[in-house]
1. Scan the stretch 40-54 for residues that are surrounded by 15 or more Cβ atoms within 10 Å (Cβ to Cβ) and farther than 19 Å from R122 by Cβ and report the count.
2. If a residue has to be at pLDDT below 90 and assigned to a strand (DSSP E or B) to count, how many in the stretch 87-116 make the cut?
3. Scan the stretch 31-50 and tell me whether some residue there is over 28 Å from H112 (Cβ atoms) and modelled with pLDDT under 50.
4. What number of residues in the stretch 70-105 are within 17 Å of S120 (Cβ to Cβ) and surrounded by fewer than 12 Cβ atoms within 10 Å (Cβ to Cβ)?
Amino acid sequence: MFRLSQPLRLLLAVLPVTLLSACTTVMPTNLPLSTMDQCAAEEGVSLRFNALTIALGERPHSGYGIDLVGQQQRDGEYQLMFRERYPQPGMNYAQVITSPCLQVILPAGWHHLTVTDQLSGREWAFTPQEPVKKHNPLNTQAPVKAP
């Protein structure tokens, strides 16, 4: 079992400490949200099934990110506002290529979503996708045996 040293326990008892999850937060409208430093999605705003993804593309270090700055919900219509977080002057950041993204899971029954970039004012509008249809296999030939 992991135990804290006495000086560290005293310091934590005096300082106001808030523990936050590194990956998932629940916002006031109860939409599950995840922020990641690496994202396989292409740069932009996209919707796949009920998962909205906002991806910034490659950035030169870990000082970049995405903040969800506003959400509203009314009768299955959702409005989300985000902004890119830029590095703070004078701070040191890990010099690695990152691909920050934000993912929001929409609840069943939603029927319209508007996403707005707070800095540029650009908007994206989405409606639920059609149900996934069963597709025929891409290759109906017998598998090739390796020599």
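1. 1
2. The number of residues fulfilling the criteria is 1.
3. Quick first cut of the stretch 31-50, residues over 28 Å from H112 (Cβ atoms) only: 37-38.
Still in the list and also modelled with pLDDT under 50: none.
No: zero hits.
4. 1
The values are calculated or read from the model by the stated rules, or taken from the named source; none is laboratory data. These numbers were taken from a predicted model, which means no experiment stands behind them. Neighbour counts run over all protein chains shown; Cβ positions are idealised from the backbone, glycine included.
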